[in-house]
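The values are calculated or read from the model by the stated rules, or taken from the named source; none is laboratory data. Here the structure is a predicted model, which is why all the values come from computation and not from measurement. Reconstructed Cβ throughout: ideal geometry from the backbone, glycine too, with neighbour counts over all protein chains shown.
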């Protein structure tokens, strides 16, 4: 009886220590990446994404790490990421990566437009549409609540001025 409890406790302790050690390695790697110069930072991600044996988990890990750093990635890093997504034929991850780029640009749409114009040849080469081409730049099922504050220009921006009953909202 006591040996059974001891074994269960040992297994639980091993799994907890394993998860802590894995988390610590990821965080240590992120701290190491943050201390790099911009050129080394870019080369780190370009080399990592350009590996032919990269799998889906490693690519997601790299893109998560790239997104968690407080910088907008260089165009060459974006191109390497898009090529890695295409090599794995992971369209969903490609779209999420483009969405994360858009989020990283914040309230500066001209920065996102510039990034897309720079990587447009690679997008066309790989057959990847932009967010605007697939309609992911606007909410799909959003209908504004007339009782909630809503900027009048947004109706036109989101195409809601063509809705039946538009006058009710505006």
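Look at region 32-71 and say how many of its residues are modelled with pLDDT of 90 or more, assigned to a helix (DSSP H, G or I) and farther than 23 Å from residue 86 by Cα.
Residues meeting the conditions: 2.
Counting just the residues of region 102-115 that are more than 12 Å from the chain's Cα centre (by Cα) and assigned to a helix (DSSP H, G or I), which one comes out surrounded by the fewest Cβ atoms within 10 Å (Cβ to Cβ)?
Applying the filter and picking the extreme gives 110.
Take the residues of region 78-96 that are in contact with a helix residue (DSSP H, G or I) (Cβ under 8 Å, 6 or more places away or on another chain) and not in a helix (DSSP H, G or I): which is nearest to residue 51 (Cα to Cα)?
The qualifying residue nearest to residue 51 (Cα to Cα) is 88.
Just to check your reading of the model, which residue among 133, 99, 124, 118 is at pLDDT 90 or above, in a loop (DSSP other than H, G, I, E, B) and either surrounded by 10 or more Cβ atoms within 10 Å (Cβ to Cβ) or in contact with a helix residue (DSSP H, G or I) (Cβ under 7 Å, 6 or more places away or on another chain) (or both)?
Going through 133, 99, 124, 118 in turn, just one is at pLDDT 90 or above, in a loop (DSSP other than H, G, I, E, B) and either surrounded by 10 or more Cβ atoms within 10 Å (Cβ to Cβ) or in contact with a helix residue (DSSP H, G or I) (Cβ under 7 Å, 6 or more places away or on another chain) (or both): 133.
For region 109-141, how many residues meet the condition of being within 24 Å of residue 156 (Cα to Cα) and in contact (Cβ under 8 Å) with a residue 40 or more places away in the chain?
1
Give just the number: which of (1) loosely packed, with under 12 Cβ neighbours inside 10 Å; (2) touching a helix residue (DSSP H, G or I) at 6+ places or on another chain (Cβ under 8 Å); (3) at pLDDT 95 or above does residue 75 not satisfy?
(1)
Return the residues of region 81-95 that are farther than 16 Å from residue 125 by Cβ and either without any contact (Cβ under 8 Å) to a residue 12 or more places away in the chain or in contact with a strand residue (DSSP E or B) (Cβ under 8 Å, 6 or more places away or on another chain) (or both); say none if nothing qualifies.
Answer for region 81-95, where residues must be farther than 16 Å from residue 125 by Cβ and either without any contact (Cβ under 8 Å) to a residue 12 or more places away in the chain or in contact with a strand residue (DSSP E or B) (Cβ under 8 Å, 6 or more places away or on another chain) (or both): just 92.
Pull up region 67-80, narrow it to residues that are over 13 Å from residue 98 (Cβ atoms) and free of Cβ contacts under 8 Å to residues at least 40 places away in the same chain, then point me to the one that is farthest from the chain's Cα centre (by Cα).
Ranking the candidates gives 76 first.
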